[in-house]
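The values are calculated or read from the model by the stated rules, or taken from the named source; none is laboratory data. Keep in mind it's a predicted model, so treat the numbers as computed, not measured. Glycine gets a Cβ as well: all are built from the backbone with ideal geometry, and neighbour counts include every protein chain shown. Note: accessible area is taken over every heavy atom of the protein model, side chains too, but ligands, DNA and RNA are not part of it. Shrake-Rupley method; radii C 1.70, N 1.55, O 1.52, S 1.80 Å.
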Amino acid sequence: QQVQENLNKQLFDNLVSFLRRSHSEFQEKRAEWTCRIKTREIPTAALVLGVNVTDHDLTFRSLSEVLQNNVTPYVALLEAKDCPGIKNLMQKLIGQLMNCYVDVDSLEDEDYVQVSQNRIRCSMTSLINWYESVTEKTDSETLSKKRTSSSRHCQSPPIVVVFKDMESFTTRVLQDFIVISSQHIHELPLVLVFGIATSPMIIHSLLPHSVSSLLCIELFQSLSCKEHLTTIIDKLLLTANFPFKLGEKVMQVLINIFLYHDFSVQNFIKGFQLCILEHFYSEPLSVLCCQLVDAKKRVNSLSHSQCENIRRLPSFRRYVESQVSEKQIALLTADGFLKETVQKLLEDLHVYHENYIPVLRCLHVFTSSLPKYPLGKQIRELHCACLENRVWETEEYESSLQLARMLNKSDLVTVLQQCVEILVSSSGKEFDKTIEKLKEFLTQFQQLEEEAIQEQNVSVSSQKELQKKTDLYHLQKSLLEMKESRRSKKLTKFEMLRFEAVDYIDSLVRNYLVPADHKTLHEIMYFNTASVLREHLNAAPRIALHTALNNPYSYLENEALKSDGGSISNKAPDICIVYKLHLECGRLINLSDWLEAFSTVVTGPEDPNADAASSDQVDDVIHARFIRAVSELELLGFIKPSKQKADHVARLTWGGC
């Protein structure tokens, strides 16, 4: 929430400034308002929020709070689904402004809303009368207080009407409301806010020129959803403040859902929350996923069974195998020695995170300054690459390194300065020597620049001397020497220093950007069960339907529904019986044969003493059950009526799930 507020702060500040400026004349002197307003234009803010529609609701709620706290208490949020007509729009608008509940369904034939004991007609005139009474009351209260306290709102605060989803509103509703409002703009300080998901051109697509000319539009653009996501990842995941981390596969699943499904930052955060819940619910040792001080205390209180859980971790088993035999025996048998070792390993893991993040940012500074982005332009892409495997062994890293060795001096100096700033502000305790080394590189580059200026002066003087030599022999000799020096292609001091600086950054990457799954006890802090996350987030309705209809016990957990192999139990729901029978048929299914098979399964082994007189009644009941089950199967999309034969239906699904 804090990150979202900070991201939207600039946008909200601009909107607040626009709203205060739009009706400043109205509150100065209402008599002059008619003269000042430009041909009845309504101040309008076109707020472009992007296609991540699921995030818009939170943005508008925050915007409403900001406006009510800083500009005006009169803010109405309108949605297209609640405003199919102008009458419904006016009911919702007046209802929200007067703080009364409006049930649109019960007011379809009425143009009134109930406020306290009074019924108020939903019209612009009643809205104007209400606004004048409210503002006069506010002015008198302000005067009675003798200006002892400064008010957050102006004396005649504007009425802000927010259309949350402008594209979904019908053209007729928007036109009627704008035309009516423009006729009363000299009496009512209205401001419109259009929430736009696509493009500002939608205003001119929905509204004809005669209507759009009544609006004085100012455009406001929010940050893109990708920038939002990058900031969220930067503040929540790429920090040592929160011990919980996402593994590479889980991170990739969440990012892919974001990029290829909805662009929703809120859904990404919900997925992140789901990972937290799943990790702390399914991992017994997640009790140690906390700050280092607390983790050390909790290690001392571990039970024997929890110590055994630590010994079963794959990363800890690899650690044990790398130790000498005496230490292996102590780690596998002595709980006290194990707890001491776990405390040291957890401390190493926390130090790894403190060092990993600053070096990752330094590498991102280098890669983002290149003309191409082999490792990706965003830091999240670089982070996933580092989590997946040793990044320095990849071809993308090698090509990035080659490009870095070709950077010019100004770019390289800028990159090194940014790296120094990152390392100075980091919490890592091992970067003192690194910072000194980078500063030393910067000093050497500065000295090279001074030497280059001197060499330039020398070369100019030598060229002048060369021009003075008119002797053909000396001139030819000088030219041959210059040609040989160019052929040898010796590295200049700058090139040698550039190679040294890039190699030093490469050594930092190899030391500190080791993949997390190479660290001991990483399972405690990293959630990497991507399959569980996919089951929760990626819906598979056909598989769920097939499982429910083919094996109802998996959902109902009724012992009577257990069946062996391909057998069909007569205790199963009718739709399950019909579904299993339809799987045995071809493209066309004969309804009479299907009914006969259904009746055979439902009745089961016949009782020889059954009353023959009731057989017709039973057949009618079974027939009704069969018709209902087939209708449900058709509703689910498994069959459809056949045009070839009247007594047949066509099967629509094939193959296993």
Quiz item: Roughly how many percent of the accessible protein surface of segment 227-354 is carbon and sulfur, given a 1.4 Å probe and a whole-percent answer?
Solution: 54
Quiz item: For segment 528-568, what Kirkwood radius comes out of the mean inverse Cα-Cα distance, in Å?
Solution: 11.9
Self-check item: Taking segment 143-285 and dividing mean pair separation by its residue count, relative contact order in percent (alpha carbons under 8 Å, at least six apart)
Solution: 19
Quiz item: Going by accessible area, probe 1.4 Å, with all protein chains left in place, what is the ranking of Glu321, Glu495, largest first?
Solution: Glu321, Glu495
Quiz item: Which residues' amide hydrogens lie under 5 Å from the amide hydrogen of Ile42, considering only partners 5 or more residues apart or on another chain, with H built in the peptide plane?
Solution: Leu215, Cys216
Exercise. Determine the gain in length on full extension of the stretch Ile180-Lys409; use 0.36 nm per residue of separation and subtract their C-alpha separation, reporting nm with one decimal.
Key: 76.1 nm
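What shape does segment 205-364 have by the C-alpha gyration tensor, where a ≥ b ≥ c are the square roots of the eigenvalues, rounded means a/c under 1.5, and otherwise prolate means a/b greater than b/c and oblate the rest?
Prolate, because a/c is 1.5 or more and a/b exceeds b/c.
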Self-check item: Modelled FRET efficiency - R0 56 Å, Glu326 with Trp654, Cβ distances, 0.05 increments
Solution: 0.30
Exercise. Work out, step by step, the length gained on full extension between Gln417 and Thr170: first 0.36 nm times the residue separation, then minus their alpha carbon distance; give nm to one decimal.
Key: 83.4 nm
Quiz item: Where does each of Met98, Met496, Met525 land when they are ordered by accessible area, with a 1.4 Å probe and the largest first?
Solution: Met496, Met98, Met525
Quiz prompt | Per residue solvent-accessible surface (Å²) - segment 267-331, probe of 1.4 Å | solution = 57
Quiz item: Taking a 1.4 Å probe, which of Tyr504, Tyr579 shows the most accessible area, and what order do the others take after it?
Solution: Tyr504, Tyr579
Quiz item: How big is the C-alpha Rg of segment 297-438 next to the rule-of-thumb value 2.2 N^0.38 Å, as a ratio?
Solution: 1.40
